[in-house]
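Okay, so here's the structure we're looking at.
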């Protein structure tokens, strides 16, 4: 029983730091550059990918003994595409403004190598519970980097968080200026690089 709990814990916790999809595996970086200008869009993207990843892992794991090996990737893609379309429709129905800001990037979850990679390398060979936790862990690991990058970019680039002004107008009257560079994609790349460096340094210590 204890061994089972340890396995479940590792399946969820490992992708958060030790095997993070972005900072360690260098996967999903393109979307991390594109949707992290604002904390709101980054949070929605993180939640969307986490849910798609967790439930695609669960469904594929439940079907793993019935999927013919020669068409397994087609089946995986169909499951992932169905979940992504569902997530996109929910966003359009209830969070239309955010959906417009995210543009094509929710749809591109279908081609996100994290989602397809976990389905192929983990869900096909592990039971449903473990696969679901692995999906949650990888989604949370991906989302944590997105939210960290978006926090820095929105705060320094616009003086806001979740669209609300954080830096007082008094500072602007005294000559403070936002860092416009933070609104550009290269800033996200630099921040991700610094986060990777920080994680590697902490691991060595």
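Throughout, read-outs are computed from the coordinates displayed, never taken from laboratory work. Quick caveat: nothing in here was measured; it's all calculated off a predicted structure. Because the Cβ atoms are built from the backbone with ideal geometry, glycine has one as well, and the counts that use them run over all protein chains shown.
Over the chain, what is the relative contact order in whole percent, taking alpha-carbon pairs under 8 Å and six or more residues apart? It rounds to 36 percent for the chain. Using only Cα atoms, tell me the angle between helix 185-204 and the longest principal axis of the chain; keep it within 0 to 90° and round to the nearest 10. So the inclination is approximately 70 degrees. Over the chain, DSSP H runs of length four or greater, each weighted -39,500 (n - 2.57), average out per residue to a 222 nm ellipticity of -22000 deg cm²/dmol. Taking one quarter of the surface of the convex hull spanned by the alpha-carbon atoms of region 38-199 gives a direction-averaged projected area of 11.1 nm².
Rounded to a whole number of µm²/s, how large is the Stokes-Einstein D of region 121-177 at 10 °C and 1.306 mPa s, given Rh as the Kirkwood radius over C-alpha pairs? Roughly 112 µm²/s, to the nearest whole number.
Can you tell me the orientation of helix 128-158 relative to the chain, as the angle in degrees between its alpha-carbon axis and the longest Cα principal axis, to the nearest 10? Here the helix axis deviates by roughly 10 degrees. Binning the C-alpha pair distances of region 1-123 at 10 Å intervals from 0 yields a P(r) profile of 12, 40, 34, 13, 1 %, listed from the shortest bin outward.
Relative protection proxy for 120-129, 43-52, from highest mean packing down: 43-52, 120-129 (other beta-carbon atoms within 10 angstrom).
How much length is gained if the chain between residue 66 and residue 166 is pulled fully straight, taking 0.36 nm per residue apart and subtracting their Cα-Cα distance, in nm to one decimal? Numbers along the way, then the final one.
Details: separation 100, 0.36 × 100 = 36.00 nm, distance 5.33 nm.
Extending this stretch completely gives an extra 30.7 nm.
May I ask you to order 147-155, 11-19, 93-101 by the average number of other C-beta atoms within 10 Å around their residues, highest value first?
Working: 147-155: 21.2, 11-19: 17.4, 93-101: 12.8.
Answer by packing, highest mean first, reads 147-155, 11-19, 93-101.
Compute the angle between helix 39-63 and the longest alpha-carbon principal axis of the chain, please, reported from 0 to 90 degrees and rounded to the nearest 10. Computed tilt is about 0 degrees.
Distances between every pair of Cα atoms in region 58-127, grouped in 5 Å steps from 0 to the bin holding the largest one, split as 3, 17, 25, 19, 14, 11, 7, 4, 0 percent.
At a 10 Å Cβ-Cβ cut-off, how would you order 176, 142, fewest neighbours first? Provide the component values of the computation, followed by the final result.
Numbers: 176 12, 142 29.
The most exposed by this proxy come first: 176, 142.
Peptides 102-114, 26-38, ordered by how many other C-beta atoms sit within 10 Å of their residues on average, highest first, read 26-38, 102-114.
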